[in-house]
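J.: My questions will all concern the structure given below.
Any read-out appearing in this document is the output of simple, stated calculations on the displayed coordinates, not a laboratory observation. Just so it is clear, the structure is predicted and the values come from calculations on it, not from any experiment. In this analysis, Cβ positions are derived from the backbone assuming ideal geometry, glycine residues included, and neighbour counts consider all displayed protein chains.
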Amino acid sequence: MIRTTAGRPRYELCAGHPALDFVNSLNNRFREGGPVELLVDYADLLGFTEQTKLLDTRQARRLANSVNPGAAARTLRSARELREALAAAFYGSVDSHPPLAADIRTLERHFHSASEHRELRWEQPAESSNGRSGIGWNWGRFETSAELPVWILSQTASQLMMSDAMDRIRACGVETCRWLFLDTSKNHTRRWCNMRVCGNRMKARRFHARREE
């Protein structure tokens, strides 16, 4: 995460999918010295979901101005719980070992909760568009709930986990990083979360190692 001149959190979104970027919000999770938490408070969670376009600016601002501290704290704990269950499942897929049953139950609970807080509505197209009227899911009266970012992240993650894209999830080749990403390269040979950061770092290490031989 970097910060703008205004001090607002900005995240390095290099995973190719919001659910993977969400897992990456616990930075350096495999580092010996311990990970770095990037979702420090509810405002960070709102900033992340807005930057990944899961929430629009209007929704994020409304939640920031209306959610009380107690609800914000509970939602942040819920988001972190979801994130770590997702991490267990995604890294389990990458490393070819299944997540614990408890992690599956946690995901099941979050996915059910997201589904239960959607409403089916008849939607009219905008006058300026050529779209058609139709029925669709939206958050309706739940759009002002503190948990909205968690429900949206749950829905997004469940769609990824039940798709063929799971076969393209990779972890960065730098052991202290191991950020997740979706490998959409032509030959499916991408090795780094970010070539400018981890890729160049590994190249530099190899160069120095060869010079010392």
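J.: Suppose R0 equals 45 Å. What FRET efficiency, 1/(1 + (r/R0)^6) with r the Cβ-Cβ distance, do Asn28 and Asn138 give to the nearest 0.05?
T.: Details: r = 37 Å, r/R0 = 0.82.
The pair Asn28/Asn138 has a calculated efficiency of 0.75.
J.: Could you run the Karplus curve 6.51 cos²θ - 1.76 cosθ + 1.60 with θ = phi - 60° over segment 95-100 and give me ³J(HN,Hα) per residue in whole Hz, x for Gly and Pro?
T.: 8, 6, 9, x, x, 5
J.: List the relative contact order of segment 9-108 as a percent without decimals, with contacts defined as Cα pairs under 8 Å and 6+ residues apart.
T.: Numbers: 73 pairs, mean separation 21.4, N = 100.
Relative contact order comes out at 21 percent.
J.: Between Rg and the Kirkwood Rh of segment 48-97, both from Cα atoms, what is the Rg to Rh ratio?
T.: Values: Rg = 14.5 Å, Rh = 12.7 Å.
Checking Rg against Rh, the ratio lands at 1.14.
J.: Sorting check: for 100-106, 41-47, 165-171, which peptide has the highest mean count of neighbouring beta carbons within 10 Å, and how do the rest follow? Walk me through the numbers before you get to the answer.
T.: Values: 100-106: 13.3, 41-47: 20.4, 165-171: 17.3.
Ranked by mean Cβ neighbours within 10 Å, highest first: 41-47, 165-171, 100-106.
J.: Under Stokes-Einstein, with the Kirkwood radius over Cα pairs standing in for Rh, what whole-number D in µm²/s applies to segment 8-53 at 20 °C and 1.002 mPa s?
T.: Values: Rh = 11.0 Å.
The estimated diffusion coefficient comes to 195 µm²/s.
J.: Could you please tell me the mean projected area of the C-alpha convex hull for segment 1-97, averaged over all directions and given in square nanometres to one decimal? Write out the running numbers ahead of the final one.
T.: Values: hull surface 28.6 nm².
So the mean shadow area of the Cα hull is 7.1 nm².
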